[in-house]
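What follows is one structure encoded as structure tokens, with my remarks underneath.
The values are calculated or read from the model by the stated rules, or taken from the named source; none is laboratory data. Keep in mind the model is a prediction, meaning the values are calculated, not measured. Here the Cβ positions follow ideal geometry from the backbone for every residue, glycine too, while neighbour counts run over all protein chains shown. Side chains are part of the model used for accessible areas, which takes the heavy atoms of the whole protein and leaves out ligands, DNA and RNA. Shrake-Rupley method; radii C 1.70, N 1.55, O 1.52, S 1.80 Å.
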Amino acid sequence: TGMSHELRTPLTVLKVYSDLLRRTADGHLQDPQTTYLDKIIKASHELAQHIQKMISISEIQAGTLSLKKEIFSFTALVQKLADIWQPQMEKKKLSFEVILPDAEAKVFGDTGRLQWAIDNLLSNAWSYTPEGGSVLAVVKLVEVDESEWAGDMQNTAVSLEIADTGIGIAQADLPYIFDRFFRAKNDINFSERGIG
């Protein structure tokens, strides 16, 4: 869309020139300057991710989201993300357990979009669970009625449950958790960033 172009163009300039400055500095930057530059680059990447999330949410609501569907191992995807998050969980002293079914769970879907969704769930669990708490991810194979499936699809569904001992969501906020860009009003999570 035009708006996404307007947001991405100046951001691309920031990313390109800050990266170019870092690569061509050739030792001429002092330590504090290198630190400042690294912060600019990191913030630019975070902003790019936020913009992409906002665009994706808008596409979902408009019904124009394009999906690149393929058959892939859902269990392998969850394990890959768990391996990525494990060091951060340990650093925060969180007990992190992943339970996978004995059989590999293959699905037909968009790997990138599912990875984004699962990563968001694990990120929320990590962000909003106080030190010493626990995070649990469980993948289950669920038998479903064949009448619920179209064509020659198998009659097994895959579910992912992520539970944590985090701060939770206030009862008054529950009706709004699927509203676009909604963030629960909680003093504890005020310092956490995100688009909701």
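Summarised as an ellipsoid, region 32-107 has semi-axes of 30, 25, 10 Å, derived from the eigenvalues of the Cα gyration tensor scaled by 5 and square-rooted, with the largest first.
Here's the list of lysines a cross-link from LYS106 could span, going by alpha-carbon distance under 18 Å and ignoring same-chain residues fewer than 8 apart: LYS68, LYS69, LYS80, LYS140.
Only protein heavy atoms count here; on that basis, with a 1.4 Å probe, ASP173 has an accessible area of about 20 Å². Taking packing as the residue-averaged number of other Cβ atoms within 10 angstrom, the listed peptides 70-76, 28-34 run from highest to lowest as 70-76, 28-34. Extending 7 Å from Cα along the Cβ direction at GLU46 and again at LYS140 yields two label points whose distance is 3.6 nm.
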